[in-house]
Amino acid sequence: MLGASKTLLNPSSPSLSFPSLKPRNNLPNNRLTFRPKPPHSFSIRSQHAPNPDEPTPGQLRVDILSESLPFIQKFRGKTIVVKYGGAAMKDESLQATVVRDLVLLACVGLRPILVHGGGPEINLWLKRLNIEVNFHDGLRVTDAPTMEIVSMVLAGKVNKHLVSLINREGVKAIGLCGSDGGLITARPAPNAEKLGFVGEVARVDPGILRSIVDNGYIPVIASVASDESGQQYNINADTVAGEISAALGAEKLILLTDVAGILEDREDASSLVKEIDIKGVKKMMKDGKIGGGMIPKVSCCVRSLAQGVKTASIIDGRKPHSLLLEVLTDEGAGTMITG
């Protein structure tokens, strides 16, 4: 979705699929195979002659890779920040797809950074420990016991699980939270008396991220950070991703969500807005076409664009390979906002 034309890399392909990164000797062997039978009896496994008018699976893969070259060249060496959460995190098959897509982008020369939340996992552990779950204006009320669980789950369990999944795919990842290396300094949210230890980003020092990325690692960042006194805060992961992308001057910010993107009509999923600029987004917000949980996501994108990020996209994390569709095709997988 980087130009006016919005077409898939190969419309005839049944799905966007890239070849395995495993060695060639792990690929299926399609040659003629001889199987001995009882003595004096041999036969050759029958094979149908290929239809010259139909591309083979191998040819489809090669075509897709070839057509993705302009996008790879455009983004090679560029930083992209991906916020990961929602349905794509809860569904194991989608989680595996997101991780493999992220690894593929790293392998072709992009510099991805992953920021994650983990709301459902936090809720699960709070219920296990009989700690009441409360929300105010869509934000989790975070008292001291809740903050302890948030930190344990996000910076511990969820973060290290994602790191292990990326490592397993052959690219090294390093897990962090905002407190590590002074990456993020937090401050209390304006209505802290109602929300407790819910914070905002006071400032970002991206030095540690540059060092990690320059050495070929993928940073995986949990949305927990400390203030100057050391008190930890729970920060919205969209906000963290937006502020990190701005501090790094990222080429692209991508928010994986549970919706198709920005809709012209919130009741009509087919009314997806493929591309819009800041002025258009602000008008939609003023007209009430953007509301609810989409407001903080759009505001995060607008703020990052105002600070120098080239494009920000809100994409459908429920769609397999949505990350690759957004980066390596004109089709995209949601709404791209431009400055």
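The values are calculated or read from the model by the stated rules, or taken from the named source; none is laboratory data. In this text, all values refer to a predicted model and were calculated from it rather than measured experimentally. As a convention, Cβ positions derive from the backbone with ideal geometry for all residues, glycine included, and neighbour counts pool all protein chains shown. The protein model used for the area step is the full one, side chains on, heavy atoms only, and it has no ligands, DNA or RNA in it. Shrake-Rupley method; radii C 1.70, N 1.55, O 1.52, S 1.80 Å.
Summary table below
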read-out: Within the accessible area of the range 203-299 (1.4 Å probe), percent carbon and sulfur; value: 48 percent
read-out: Within the range 298-313: backbone nitrogen closer than 19 Å to the Lys78 label point (7 Å, Cα to C-beta); value: 301-313
read-out: Relative contact order of the range 171-281, pairs being alpha-carbon contacts under 8 Å that are 6 or more residues apart, as %; value: 24 percent
read-out: Stretch gain in nm, segment Glu331-Lys172, where the contour uses 0.36 nm per residue and the Cα spacing is subtracted; value: 54.3 nm
read-out: Nearest-20 debye value, the range 108-256 charge dipole, Cβ charges on Lys, Arg, Asp, Glu; value: 480 debye
read-out: Aspartates and glutamates whose Cα lies under 20 Å from that of Lys194, excluding same-chain neighbours fewer than 8 positions away; value: Glu132, Asp137, Asp143, Glu148, Asp227
read-out: Solvent-accessible area per residue, Å², over the range 55-98 with all protein chains present [probe radius 1.4 Å]; value: 51 Å²
read-out: Gained length - Asp214 relative to Val62, 0.36 nm times residue gap less alpha-carbon distance; value: 51.7 nm
read-out: Whole-number percent relative contact order across the range 108-219, with pairs defined as alpha carbons under 8 Å at least 6 apart; value: 28 percent
read-out: Highest-first arrangement of 71-77, 195-201, where packing means the average Cβ count within 10 Å; value: 195-201, 71-77
read-out: Residue-span extension gain [Ser270 to Ala192] - 0.36 nm each, minus C-alpha spacing; value: 24.2 nm
read-out: Projected label distance in nm at Val133 and Asp258, using a 7 Å step from Cα toward the beta-carbon; value: 1.0 nm
read-out: Relative contact order of the range 233-339, defined on C-alpha pairs under 8 angstrom at six or more residues apart (%); value: 37 percent
